[in-house]
Each structure stands twice: as C-alpha cells, then as structure tokens.
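Accompanying notes for the structure given below.
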Amino acid sequence: MSKTALITGASSGIGAEFARYHAQKGGDVVLTARSEDKLKKLAAEIEAEHKVKAHVIVADLGTAKGPSELVRQVTEAGIQIDILINNAGFGGQGRHIDRNIDDELEMIDLNVKALVALSHHFGREMSKRAQGRILNVGSSAGFMPGPLQAVYFATKAFVKSFSEALDHELRPQGVTVTLLAPGYVKTAFADRADLHGTKLTAGGGKTPRSVAKYGYDAMSRGELVAINEKQLDFMVNWIIPLLPRRAVLKMIERMQSK
Ligand SMILES: NC(=O)c1ccc[n+]([C@@H]2O[C@H](COP(=O)([O-])OP(=O)(O)OC[C@H]3O[C@@H](n4cnc5c(N)ncnc54)[C@H](OP(=O)(O)O)[C@@H]3O)[C@@H](O)[C@H]2O)c1
C-alpha cells in the first residue's frame, strides 16, 4: 500500500516540490494551503503524471481554527496520514517595531502554532500505529538570532528545538521527526518577506526541487537534522556558535539590509 503524505504550503515553492517528489515515488498526497486554484492545478498535474490520488484541502493555517479545521477535514475524509510535512511558513524583513504587529503575530501562528498543532494530532495517530514520519521545514535561520527578521529567525529556532525534542520522544514508538534547515531557496518566499535587494538573495539560492529532494530523502532515512549545503552546515554548527554574539548580530543584520 502506498503511503499518504500531508504537505502544508503545497501551493508553491518547496511544498509543491515535496508533493511532486512523493507522488513520483507512488504515494498519495494531501495538498493544503490557501490558494485553491494553485492546489487544484498541482493535484491535476500529479494525478495525470503519477497515477496517485491527490486530495486538496484549502485551509488558512495562520488562523486560530485553521489547523483543527484541516484535521477535521482529513479525518472526515477517512485519510490516514503516514507522512506529515510541515512546510508552510513565511518571513518578513524590517525592524520588529517598524513592522506591522499583525503580520509578526500571524508569522508565529503559522510557523509555530500550526506546526505544533499538526505535529500533536498526527504524531499521536502515528504513535498509535507505531509508524510514521514527520518532516518540519525550519531554516538555517533557526541556528542564530536575526536582526531585521527577528520574529522569523525566532520562529525557526523554535521549530529546530521542538523538532529535535519531539523526535527523541517519538522515536521509541516508531515515529521519526526530521528538521530540514535550508539556506536561501529561490521561491516566492523572498517576495512575501520583502527580501529582494538584500545580500541574502543576491547569492542566487538553491532550487526548491533540490531542497525538497534533499529533505525528503533525509526524512526517509530518519535523520534528525538535514542541512542541504555542506558549507552552511559547517558555518551554523561550528563557526557561528563560537563567534562573539555581537559579531553574529552585525553579520546577520548586514545580510538582511537593503
Ligand atoms: N525560500 C527560502 O529561502 C527558505 C529558506 C529556508 C526555509 N524556508 C522555509 O521553507 C518553507 C516553504 O517556503 P517556500 O520558500 O517554498 O516559500 P513559498 O513559495 O512562499 O511557499 C510558502 C507556502 O506556504 C503557504 N502559506 C503561506 N501562508 C499560509 C497560511 N496562512 N496558511 C496556509 N498556508 C500558507 C503558501 O500558500 P498560500 O499562499 O496558497 O497559502 C505556500 O504554499 C517555509 O516554512 C519557509 O520558512 C524557505
């Protein structure tokens, strides 16, 4: 029997590529995001190319009821989720006090609260069956503080800490949790985060397809943390923790300045 993957933020970027890659392996997908048209188009493409079932559930996971509404629809449709990919997320450039507080709080609701709510529900279901995989999309931003994206970096630090601890709790019951922590990826992320014109986006970035494949394969092997760039892996684990804090703060601020 093929495994079914629920992918949040499947309407574009890395999420759409997770869906294509999983379907290519013969698995059914549940695609969710806010953009119904994009989800339906992707579902049609996937079903035509890979002969799998692609369900579409439209949900705004940045709202208080979004995650429970998604869970309700999955349950009512009788779909068993074998793989949960918590991918939906967004960032936003600028000094915290200059940014709109509603956007900052919505970022926490989506990047953190929705990810926790879905991990809780589906992690529990997977544990009962003693089988399952969760892939949480964090960021290299989760390894350091981020002036000019203070809230975004903090949400991804939460995702890192939570994912590692949850893996330790669930692994004995046959469920693994993998953190994917990419550097810059060429998607619509930079548009919504207003990052164009910064050093961060000047370097080109990786393709969403390569990043999704890297993270999915690491999840399939049950790895704890997956960083898709070797140099970045070395930087965030071995250089940045040893640098003076003020130097790190200045470096990140420079990268995100316009
Ligand atoms: N691109 C990068 O440089 C980069 C680097 C490191 C980590 N990441 C992480 O990778 C993940 C995917 O981002 P991406 O680069 O693929 O960006 P993207 O192309 O902008 O995709 C973001 C996805 O999240 C969905 N989304 C946004 N707000 C939502 C909401 N309120 N409710 C439900 N879904 C929502 C979007 O769909 P709708 O708009 O249709 O709802 C879209 O499918 C994010 O968690 C991001 O933080 C990205």
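A few notes on this one:
- Here ARG20 passes the criteria (1) in contact with a strand residue (DSSP E or B) (Cβ under 8 Å, 6 or more places away or on another chain); (2) within 16 Å of the ligand (Cβ to nearest atom); (3) among the charged types (D, E, K, R) except the one numbered (1).
- Any chance SER163 is surrounded by 15 or more Cβ atoms within 10 Å (Cβ to Cβ) and more than 9 Å from the ligand (Cβ to nearest atom): yes
- Boolean, PHE158 is aromatic (Phe, Trp, Tyr), touching a residue at least 24 places away in the same chain (Cβ under 8 Å) and surrounded by fewer than 20 Cβ atoms within 10 Å (Cβ to Cβ): yes
- Number of positions in the stretch 69-92 that are surrounded by fewer than 22 Cβ atoms within 10 Å (Cβ to Cβ) and not β-branched (Val, Ile, Thr): 10
- Note on the stretch 48-72: residues that are more than 12 Å from LEU31 (Cα to Cα) and either in contact with a Ser or Thr (Cβ under 8 Å, 6 or more places away or on another chain) or of a type in the set (Asp, Glu) (or both) total 5.
- Residue check for GLY66: closer than 22 Å to ASN111 by Cβ, of a type outside the set (Ser, Thr, Tyr), crowded, with 19+ Cβ neighbours inside 10 Å and within 15 Å of the chain's Cα centre (by Cα): no
- The one condition in (1) touching a His at 6+ places or on another chain (Cβ under 8 Å); (2) farther than 23 Å from PHE90 by Cα that GLY174 fails to fulfil: (1)
- Within the stretch 24-43, being within 16 Å of the ligand (Cβ to nearest atom), out of contact with any Gly (no Cβ under 6 Å at 6 or more places or on another chain) and closer than 19 Å to ILE79 by Cβ holds for VAL29, VAL30, LEU31, THR32, GLU36, LEU39, LYS40, LEU42, ALA43.
- For the stretch 223-258, the set of residues classified as in a helix (DSSP H, G or I), out of contact with any Pro (no Cβ under 9 Å at 6 or more places or on another chain) and β-branched (Val, Ile, Thr) consists of VAL236, ILE239, ILE240, listed by residue number.
- In the stretch 33-63, residue nearest to ASN111 (Cα to Cα) [restricted to those that are crowded, with 16+ Cβ neighbours inside 10 Å and among the small types (Gly, Ala, Ser)]: GLY62
- Residue that is surrounded by the most Cβ atoms within 10 Å (Cβ to Cβ), among those in the stretch 1-17 that are farther than 13 Å from ASN86 by Cα and more than 10 Å from the ligand (Cβ to nearest atom): THR4
Condition check ((1) near the ligand (Cβ under 9 Å from one of its atoms); (2) closer than 23 Å to ASN228 by Cβ; (3) hydrophobic (A, V, I, L, M, F, W, C)) across all residues:
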{"site": "GLY123", "(1), (2), (3)": "no, no, no"}
{"site": "VAL137", "(1), (2), (3)": "yes, yes, yes"}
{"site": "ALA141", "(1), (2), (3)": "yes, yes, yes"}
{"site": "THR155", "(1), (2), (3)": "yes, yes, no"}
{"site": "ASP167", "(1), (2), (3)": "no, yes, no"}
{"site": "LEU170", "(1), (2), (3)": "no, no, yes"}
{"site": "THR178", "(1), (2), (3)": "no, yes, no"}
{"site": "GLY197", "(1), (2), (3)": "no, no, no"}
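- Within the stretch 181-219, the set of residues being part of a helix (DSSP H, G or I), within 16 Å of the chain's Cα centre (by Cα) and polar (S, T, N, Q) comprises just one member, SER210.
- Going through (1) assigned to a loop (DSSP other than H, G, I, E, B); (2) among the aliphatic types (A, V, I, L, M); (3) near the ligand (Cβ under 9 Å from one of its atoms) one by one, ALA64 falls short only on (3).
A short reminder: the numbers here are calculations on the coordinates, not readings from a lab. Quick caveat, the model's predicted, so the values are computed rather than measured. FYI the Cβ positions are ideal-geometry reconstructions off the backbone, even for glycines, and counts take in every protein chain you see.
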